[in-house]
Amino acid sequence: MEHITLTVKGMSCGHCVKAVEGSVGALNGVESIEVHLDAGKVEVEFNPEVVSLETIKETIDDQGYEVVS
């Protein structure tokens, strides 16, 4: 398992948290996801042999938020 913390811009409410957690959490290979709204951070634990970091970032982008790191 790999653990990453991403900085995400554009999240401002509970709906944003649910959108990101729901979409990324549904990806095959994602073990856990936790959104820290106040800090603008998303922590993801995932299996890099099943899902790529790029796919996780694209999934967040698809929800309308910007991954900056």
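Given a 1.4 Å probe and the protein chains all in place, what does the accessible area of H36 round to, in Å² to the nearest 10? About 60 Å², rounded to the nearest 10. Taking label points 7 Å from Cα along the Cα-to-Cβ direction, A26 and S69 give a separation of 3.0 nm. Extension gain for L37-E54 works out to 4.0 nm (0.36 nm per residue, less the C-alpha to C-alpha distance). When you filter the GluC sites (Glu not before Pro) in the stretch 28-69 for DSSP loop state and at most 16 other Cβ atoms inside 10 Å of their Cβ, you are left with E49. Every Cα-Cα pair of the chain was included, and the share exceeding 20 Å stands at 15 percent.
Of all the options K57, K18, K41, the one that moves most in a Gaussian network model of the chain with Cα springs shorter than 10 angstrom is K18. Mean sequence separation of contacting Cα pairs (under 8 Å, at least six apart), scaled by the length of the chain, corresponds to a relative contact order of 44 percent. For the chain, the longest principal axis of the alpha carbon atoms and the long axis of helix 14-25 meet at an angle near 10°.
The values are calculated or read from the model by the stated rules, or taken from the named source; none is laboratory data. Keep in mind that what you see is a predicted model, and the values were worked out from it rather than measured. Cβ: placed from backbone, ideal geometry, glycine included. Neighbour counts: every protein chain shown. For accessibility, only protein heavy atoms count, side chains too; no ligands or nucleic acids. Shrake-Rupley method; radii C 1.70, N 1.55, O 1.52, S 1.80 Å.
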